[in-house]
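One structure is given below, encoded as structure tokens.
Just so it is clear, none of the values below were taken in a lab; they were calculated from the coordinates. Here the structure is a predicted model, which is why all the values come from computation and not from measurement. In this analysis, Cβ positions are derived from the backbone assuming ideal geometry, glycine residues included, and neighbour counts consider all displayed protein chains.
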Amino acid sequence: MRQSRINAWILLATPNESKPLSYILGMADGLNKAIPELDELRDSLGWLLSADLIVSNEGTFQRTEQGRGLLAACEVDGENAFQLWDRVESTLAKMSFESAAPYDLSAEELDDAYNEYRRRISAVYEKLDSRDT
């Protein structure tokens, strides 16, 4: 996947309010049916932070006003999430930076976030399953 596509994916998965990495993993999974890999997250989060499209504070992430504005400018009524993703990717691909340092994320931190995401989604499934019986 192109880096601009990954950056768009992670920006779309980042919430407007401060949430942990596990939330981004869940949203990314919902959008793309995949969990971002460690290097994808490091590079993308670093780039988005350098572009001032997201901020990070004590292990949480959220879109900045600029990030929310970029997404709002890309939205078109009646289009689906994949069309929005394409438009966001195109917009991000036109933005240039000298270089962005990868976000400092360890494999252990990613594993912890993934396990938290799995616990949350399992709890939802269990709750839904108990309603069916």
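For segment 61-100, the equivalent ellipsoid derived from the alpha-carbon gyration tensor has semi-axes of 20, 13, 8 Å in decreasing order. Computed over segment 65-133, the range of Cα coordinates on each principal axis works out to 52, 38, 20 Å, biggest value leading.
Whole-percent P(r), the chain, all Cα pairs, 5 Å bins from 0: 2, 10, 20, 23, 19, 12, 8, 4, 2, 1, 0, 0. Across all Cα atoms of segment 77-116, the radius of gyration (one decimal) and Dmax (whole number) stand at 15.8, 40 Å.
Note the angle between two axes, namely the Cα long axis of helix 21-32 and the longest principal axis of the Cα atoms of the chain, as a number of degrees from 0 to 90, rounded to the nearest 10. The angle comes out at about 80 degrees. Packing, taken as the mean count of other beta carbons within 10 Å per residue, orders the peptides 104-110, 17-23, 27-33, 7-13 from highest to lowest as 7-13, 17-23, 27-33, 104-110.
Exposure proxy for Tyr114, Tyr125: other Cβ atoms within 10 Å of each Cβ, ordered fewest to most, give Tyr125, Tyr114. Can you give me the angle between helix 107-132 and the longest principal axis of the chain, using Cα atoms only, in degrees from 0 to 90, rounded to the nearest 10? With both axes taken from Cα atoms, the answer is about 50 degrees.
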